[in-house]
1. Looking only at residues that are at pLDDT 95 or above and among the charged types (D, E, K, R) in the range 226-254, which one is surrounded by the fewest Cβ atoms within 10 Å (Cβ to Cβ)?
2. Here's a check for you: in the range 74-108, which residue that is free of Cβ contacts under 8 Å to residues at least 40 places away in the same chain and not in a strand (DSSP E or B) is surrounded by the most Cβ atoms within 10 Å (Cβ to Cβ)?
3. Considering the range 148-167 alone, what residues qualify as being surrounded by fewer than 15 Cβ atoms within 10 Å (Cβ to Cβ) and outside any helix (DSSP H, G or I)?
4. Determine which single condition G230 fails, assuming it passes every other condition in (1) within 20 Å of G42 (Cβ to Cβ); (2) out of contact with any helix residue (DSSP H, G or I) (no Cβ under 7 Å at 6 or more places or on another chain).
5. Scan (1) open to solvent by less than 20 Å² (accessible area, probe 1.4 Å); (2) touching a residue at least 40 places away in the same chain (Cβ under 8 Å); (3) part of a loop (DSSP other than H, G, I, E, B) for the single condition T43 breaks and write down its number.
6. Provide a single number: the residues in the range 102-120 that are in contact with a Leu (Cβ under 6 Å, 6 or more places away or on another chain), β-branched (V, I, T) and under 13 Å from F154 (Cα atoms).
7. Could you run through the range 46-73 and say how many residues are hydroxyl-bearing (S, T, Y) and loosely packed, with under 12 Cβ neighbours inside 10 Å?
8. For the range 17-60, what are the residues that are of a type in the set (S, T, Y) and more than 17 Å from the chain's Cα centre (by Cα)?
Amino acid sequence: MTALYDKIGGTYSAGRQSDPRIAATIERAVAGCDSILNVGAGTGSYEPVSRFVVAVEPSRIMIGQRPAGAAPVVQGCAEALPFPDCSFEAVLGILTVHHWKDLARGLAECTRVARTKVVLLTNDFDVCANFWLFDYFPELLRADRPIFPKIARFEDAIGPLDTIVVPVPADCCDGFLGAYWKRPSAYLDPLVRKNISTFSKIGNIDSQLARLESDIVSGAWDRRYHTLMGLAALDLGYRILISHVAPRERELLP
């Protein structure tokens, strides 16, 4: 992950902004937690601003783009969090688990340092497999589906979960993979694609881009996906998973 984002992460602060509607959902998920560890924090999107936050991020390039006033950040990875047990009320991870080298170890570490809950935003590819973007770029689905853990794997690792559906607004401000579901021309922009990590993994896609552009210009895209036009938001499988950590008989940090 460090090498990938050191290569592609140079424009993330411009292309990956917090969407206020998604941010509000995340804020509700960590309500009541006064101290939060943000794992795989990147440039700081979706970090709650109203409470104490510490960030962990492996990539120096991403750390260097964190804005002035952002939460203090430690360079590190989910699988080896450099904090004592029960250090934070909650652990937060936003679209990061699919980059971890060892999911079980990373989840165990998150649970170890959390006093009350672990909150993760991920994607359920059983829901989003029919996303129209994969009609043009099936390589994206083949690259991402195996690395996004199924919900059952989270449950096996950390127990029962509360699940919150996170619909993607039609005018989503954040530039993740599904953000432009109603704005297909955006995917023709190389800067947009650069800010979506999966595009960096699938090689030359000139012919696929040409087909998408041709369908947009001819109106074929509008005709094929006209049912999307009346929607203000779309469920593309993005899910917040909340694991409530059982109380542990150990000394807690103040």
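The values are calculated or read from the model by the stated rules, or taken from the named source; none is laboratory data. It should be emphasised that the depicted structure is a prediction, and the values quoted were computed from it without experimental measurement. With ideal geometry, Cβ positions are generated from the backbone for all residues, glycine too; neighbour counts draw on all protein chains shown. In case anyone asks, the SASA skips ligands and DNA or RNA and just uses the protein heavy atoms, side chains included. Shrake-Rupley method; radii C 1.70, N 1.55, O 1.52, S 1.80 Å.
1. Of everything passing the filter in the range 226-254, D235 is surrounded by the fewest Cβ atoms within 10 Å (Cβ to Cβ).
2. A78
3. Hits for the range 148-167 are K150, G159, P160, D162, T163, V165.
4. Of the numbered conditions (1) within 20 Å of G42 (Cβ to Cβ); (2) out of contact with any helix residue (DSSP H, G or I) (no Cβ under 7 Å at 6 or more places or on another chain), the odd one out for G230 is (1).
5. Tallying (1) open to solvent by less than 20 Å² (accessible area, probe 1.4 Å); (2) touching a residue at least 40 places away in the same chain (Cβ under 8 Å); (3) part of a loop (DSSP other than H, G, I, E, B), T43 fails exactly one: (2).
6. Final tally of qualifying residues: 1.
7. Residues that pass the stated criteria total 1.
8. Across the range 17-60, the qualifying residues are S35, S50.
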